[in-house]
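One structure below.
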Amino acid sequence: MDEQTKIELEAAAFRRLVQHFRENTDVQNIDLMNLASFCRNCLSKWYRTAAEEKGIEMDYDQAREIIYGMPYSEWKERYQSEASAEQKGKFKEVTGDEA
């Protein structure tokens, strides 16, 4: 496979992942972190880092809007629920951080 085709396939897979996250708003970020050690916010940070490596100025909020499909504050208000004690405990176990 040539490099351009590989890049196009990777980009298509990335777009599908972002679309999947947008369509599955019932899946909470804390659940993603607990199961996969990454979430929508991580993906936003990686997107921003990639942009900056290409010399493109982008702040975290801009990257989040690209991943979430709307401003993060709006997504949070519409879809984010309070994490349970169990979710918070697992998050601390997995990441070492407080949820």
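Bear in mind these aren't lab numbers, they're just calculated from the coordinates by the rules spelled out. Remember, predicted model here, so these are calculated numbers, not experimental data. Because the Cβ atoms are built from the backbone with ideal geometry, glycine has one as well, and the counts that use them run over all protein chains shown.
What are the residues in the range 66-98 that are exposed (fewer than 14 other Cβ atoms within 10 Å of the Cβ) and in contact (Cβ under 8 Å) with a residue 60 or more places away in the chain, if any? Selection gives Thr95 alone. Working carefully through the options Arg40, Arg48, Arg22, find the one that is farther than 23 Å from Gln87 by Cα and of a type outside the set (Ser, Thr, Tyr). On inspection, the qualifying residue turns out to be Arg48. The set of residues in the range 35-65 that are loosely packed, with under 15 Cβ neighbours inside 10 Å and under 18 Å from His20 (Cβ atoms) comprises Leu35, Ala36, Ser37, Phe38, Trp46. Just name the residue that is surrounded by the fewest Cβ atoms within 10 Å (Cβ to Cβ) out of those in the range 20-31 that are of a type in the set (S, T, N, Q) and over 11 Å from the mean Cα position of the chain (by Cα). By that ranking, first place goes to Asn24. Filter the range 59-86 for residues that are under 20 Å from Ile7 (Cβ atoms) and out of contact with any Ser or Thr (no Cβ under 6 Å at 6 or more places or on another chain) and give the result. Across the range 59-86, the qualifying residue is only Ile66. Out of all the residues in the range 84-99, which are touching a helix residue (DSSP H, G or I) at 6+ places or on another chain (Cβ under 7 Å) and assigned to a helix (DSSP H, G or I)? Once the filter is applied, which keeps residues that are touching a helix residue (DSSP H, G or I) at 6+ places or on another chain (Cβ under 7 Å) and assigned to a helix (DSSP H, G or I), the range 84-99 yields Gln87, Lys90, Phe91, Val94, Thr95. Scoring Asp26 on the criteria (1) closer than 22 Å to Pro71 by Cα; (2) free of Cβ contacts under 8 Å to residues at least 12 places away in the same chain leaves a single failure, condition (2).
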